[in-house]
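What follows is a set of notes on a single structure, which appears directly below.
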Amino acid sequence: MLLNRLEFILVNNPISDSIKRIEVKKVKQLSQLPKNKVVLEIGCGNGAATRQIKRYFSPKKIYAIDLDARMIKLAKKKSKDASIMFEVRDAANLKYKNASFDAVFDFAVIHHIPNWKDCLKEIKRILKPRGEFILIDLSSDTFNTFIGRIGKKLLAHPYDQMYNEAEFIDYLKYLGFKIRIHKKYNHLGLIKYFMVIAVKK
């Protein structure tokens, strides 16, 4: 699902870039992913998190994808690193071979995807055995808070198809992921989100 005009502005500013740096640093402290691996970031946007993944995880290769061609164009302008491949792709229909990646990253993307179960199936398919799925994301629970209800009127999300947090975790387990880390956040009671590091068995 493409961003509306307000969302495009919100994700393309220095504050958003700073949040991505904090998020990547946070998951790095909990991940067991070694250096020099091949990783995928879904919904990379302008590449802000991609550049931080490179900085903190030191992968050999990063494939960074987004459905929005505008975002990929921005990401390519901001980074000339030959080890990063920015591509326009659908996270629910990944055109990669089975067991291609050591890790997949998601920073607040899957809640945008109506067919999110297909996305999770694809992530499992392209991950190597014992590969990590590392994410910080929102859920329908996010939009039940005071701020969330305001956001719901302004932001273009597939609310009718969106998972709640428990449903998301249960589906990961159903697919055969082992949940190694699951943390819940609710800053000042205003915005709920969650972090997961799941391992493909």
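The values are calculated or read from the model by the stated rules, or taken from the named source; none is laboratory data. Computed from a prediction, not measured in an experiment: that's the story for all the values here. Here the Cβ is made from the backbone with ideal geometry for all residues, glycine too, and neighbour counts use every protein chain on show. Note: areas computed on protein heavy atoms with side chains; ligands, DNA, RNA excluded. Shrake-Rupley method; radii C 1.70, N 1.55, O 1.52, S 1.80 Å.
Details
- Sole exception among (1) touching a Gly at 6+ places or on another chain (Cβ under 8 Å); (2) of a type in the set (A, V, I, L, M); (3) open to solvent by 70 Å² or more (accessible area, probe 1.4 Å) for LEU154, by number: (1)
- So LEU190, is it touching a helix residue (DSSP H, G or I) at 6+ places or on another chain (Cβ under 6 Å) and either over 29 Å from ALA103 (Cα atoms) or at pLDDT 80 or above (or both): yes
- Any hit, region 125-140, residues being open to solvent by 20 Å² or more (accessible area, probe 1.4 Å) and acidic (Asp, Glu): no
- Count of residues meeting criterion [in a loop (DSSP other than H, G, I, E, B), farther than 12 Å from LEU40 by Cβ and in contact with a Leu (Cβ under 8 Å, 6 or more places away or on another chain)] in region 64-90: 3
- Some residue of region 181-200 being β-branched (Val, Ile, Thr), within 25 Å of LYS54 (Cβ to Cβ) and touching a His at 6+ places or on another chain (Cβ under 7 Å): yes
- Every pair of residues 6+ apart whose Cβ atoms lie under 7 Å, when the first sits in region 169-187 and is within 18 Å of THR142 (Cβ to Cβ) while the second is at pLDDT 95 or above and open to solvent by 70 Å² or more (accessible area, probe 1.4 Å): ILE169/HIS182; TYR171/LYS117
- Check on GLU122, among the acidic types (Asp, Glu) and part of a strand (DSSP E or B): no
- Number of positions in region 149-186 that are farther than 24 Å from PHE133 by Cα and out of contact with any helix residue (DSSP H, G or I) (no Cβ under 8 Å at 6 or more places or on another chain): 3
- When residues in region 125-151 are screened for being hydrophobic (A, V, I, L, M, F, W, C), over 21 Å from LYS178 (Cβ atoms) and not in a loop (DSSP other than H, G, I, E, B), 4 of them pass.
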